[in-house]
1. So, in region 36-59, of the ones that are part of a strand (DSSP E or B) and polar (S, T, N, Q), which residue ends up farthest from the chain's Cα centre (by Cα)?
2. Give me the pairs, please: first residue somewhere in region 211-233 and open to solvent by 20 Å² or more (accessible area, probe 1.4 Å) and basic (Lys, Arg), second residue anywhere and modelled with pLDDT of 95 or more and part of a loop (DSSP other than H, G, I, E, B), beta-carbon distance under 8 Å, and either six or more positions apart or on two chains.
3. Which one is farthest from Gly302 (Cα to Cα), of the residues in region 154-180 that are in a strand (DSSP E or B) and either among the basic types (Lys, Arg) or in contact with a helix residue (DSSP H, G or I) (Cβ under 8 Å, 6 or more places away or on another chain) (or both)?
4. Checking Ile183 against (1) within 11 Å of the ligand (Cβ to nearest atom); (2) in a strand (DSSP E or B), only one condition comes out false. Which one?
5. Select, from Val57, Val51, the only residue that is in contact with a Ser or Thr (Cβ under 7 Å, 6 or more places away or on another chain) and within 13 Å of the ligand (Cβ to nearest atom).
6. Does Val17 count as under 21 Å from Gly376 (Cα atoms) and either open to solvent by 10 Å² or more (accessible area, probe 1.4 Å) or at pLDDT 95 or above (or both)?
7. Give the residues of region 1-14 that are surrounded by fewer than 23 Cβ atoms within 10 Å (Cβ to Cβ) and not aliphatic (A, V, I, L, M), sorted by residue number.
8. Does region 154-180 hold any residues that are near the ligand (Cβ under 9 Å from one of its atoms) and surrounded by fewer than 24 Cβ atoms within 10 Å (Cβ to Cβ), and which are they?
Amino acid sequence: MSEHFDVHGGARLTGEVEVVGAKNSVLKLMAAALLAEGTTTITNCPRILDVPLMADVLRSVGCDVEIDDDVVRITTPAELSHEASSSAMSKLRASVCVLGPLVGKLKKAVVALPGGDAIGSRPLDMHQNGLRKLGATSSIEHGCVVAEADGLHGAQIWLDFPSVGATENILMAAALADGTTVIDNAAREPEIADIAAMLGEMGAKIEGAGTSTLTVEGVAELKPTEHRVIGDRIVGATWAFAAAMTRGDVTVTGVDPHHLELVLEKLRLAGAEVTTYDGKGFRVRQPERPESVDFVTLPYPGFATDLQPFAVALSSVSEGTSMITENVYEARFRFIEEMVRLGADARTDGHHAVVRGVEQLSSAPVWASDIRAGAGLVLAGLCADGITEVWDVFHIDRGYPNFVENLNRLGARIDRVGTPGPEAD
Ligand code: EPU
C-alpha cells in the first residue's frame, strides 16, 4: 500500500511559516562540490528526498557525503570516477548537473540520462552543444551522456533558450576551462546566481550572474568552501498562493521577496494585501474571494512554470475567468484533468487554459503527477467540500520539507495515511 493525504476542505490558513533552502539550488551546489578536492559544506539544506538521492549520485563517482540535519558535507577525493551510474540518477533531473563538473575536472564523463518529473519533453541538446563549443565531444550511448575532451577552452556560447540546467552545466565546465567563456541568453534564475556565488567563493571568476550574459574566466583549480543555500522561492510562493486561496493571512520567512516580485504582484491583482520584508520574507492577506488574473509562464523573471499549478488552482476558486499560458513544459496541463475531478471549470487548448472560477470545489480522489501538481492538488483540496484524497504523495515529498506539518500548523487538517511506497526509499 502506498501513502495518500486526506485533505479536509474548508481551511483558512493563518500564521507564520519558515522556508528553507531551495531544492533547485542545493542539488546543483552539491554537484559543484565535485570541482574541488576536499570537503565542501552546504548549509540551510532542505530535508527532502532529492537531497539523499543526489548524495547517492555523488557517492557513485567516489565522494563521501554526510547529511547532518540541514548541513550536507561532501568530500571529493583526488581520484574521482568519470562514470555516474547510480540508480538514483533516474529518479531526479538534477542528477544531470554532474555532467559539467565531471567534464570540467576530468575532461571525461559518462552520465546516465536523468529522470525527474513527467512534465513534458526534456532534451539535453543545449547541454551537449555547450560542451561541444568548449571543445568536448558529446553523444548519447546506451542510456548515458558521454562527453570527452583533450582540453577545454573558453568559447562564445549562445543558448537557443535560457535553459536552467544547460546554463549550470556549461558554467561549471567553463569554470576550469582555459580562457574566457561567454554564455549568452543564459538563464537568470536566482538559483543560477546562487551557484555562481558559490563557485566564486571556490575561486572561480564569473561576471554577470543574474543577467543573461555570463562571462567566465577559467582558472586552473578550485578550492572547497562553505555556502548557505538561498531560500526556496517556489516553496515560498506555494504558501503565498495557499494564503490567497483559503482567504487566509500567512507570513512567510526565509525567502527573498525580490525573487517573487511578479508572483506577489499577481496576488495583489487578485485582491491580496501583500507586505514585503526586505530580504527576509513577506505577508499575504486575502480578505475577500480572489478575483481572476491571467498568468503566462516564462523563464525568470517571468512567472515560473513551477507555479503554474498554483495559478490554475487559484483561478479555479476566483471570481471570473482566467487565461493561463504555459510556455515552458507542455505536459504540465495534465494537472488540469485532476482539477476537473475536483469540480474546476477548466479546459485547455494547446498551451492555453481557460479557467472559470467556481464558488467551491468538490472533494474527490486525485493523483499527483509531479511535485508542484501534487502540492497544487493539496491546496485545491483545502478549498473543496469534504475530504480530498491526494495519491502518489511521494512526488510532494521530493520537493517540500514537512509539507503536511507546515499546513497543519497554519490551521489546515491533513492526515498522511498508509505506508511509504517503493518510490520513497
Ligand atoms: N530544453 C531543451 N534543451 C535542453 C535543455 C532544455 O529544449 O538542452 C527545454 C526544455 O525542454 C524546457 C525548457 O528548455 O522546455 C526549460 O528547461 P530548463 O533546462 O530550463 O529546465 P531544467 O533545468 O530541466 C529546472 C528545474 C525545473 C523547472 C525548470 C524551469 C531543476 C532540477 N529543475 O529544470 O523544476 O521547472 O528549470 O524553470 O532545477 C520542479 O522543481 O518541480 C521542476 C520541475
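1. Thr39
2. That search, which allows pairs on different chains as well, returns Lys223/Ala36; Lys223/Met202; Lys223/Gly203; Arg228/Asn44; Arg233/Ala22; Arg233/Val255; Arg233/Asp256; Arg233/Ala304.
3. Going residue by residue through region 154-180, those that are in a strand (DSSP E or B) are 156-158, 178, 180.
From what is left, the residues that are either among the basic types (Lys, Arg) or in contact with a helix residue (DSSP H, G or I) (Cβ under 8 Å, 6 or more places away or on another chain) (or both) are 156-157.
Details: Gln156: 25, Ile157: 23 Å.
For region 154-180, the residue satisfying everything is Gln156.
4. (1)
5. One residue alone meets the criteria, Val57.
6. Working: under 21 Å from Gly376 (Cα atoms): yes; either open to solvent by 10 Å² or more (accessible area, probe 1.4 Å) or at pLDDT 95 or above (or both): yes.
Yes, satisfied.
7. The answer is Ser2, Glu3, His4, Asp6, His8, Gly9, Gly10, Arg12, Thr14.
8. Result: Leu159, Asp160, Phe161, Pro162, Ser163, Val164, Gly165.
The values are calculated or read from the model by the stated rules, or taken from the named source; none is laboratory data. In this text the structure is predicted, and so the values were computed from the model without any measurement. Cβ: placed from backbone, ideal geometry, glycine included. Neighbour counts: every protein chain shown. When the accessible area is computed, the model is the full protein with side chains, heavy atoms only, and any ligands, DNA or RNA have been set aside. Shrake-Rupley method; radii C 1.70, N 1.55, O 1.52, S 1.80 Å.
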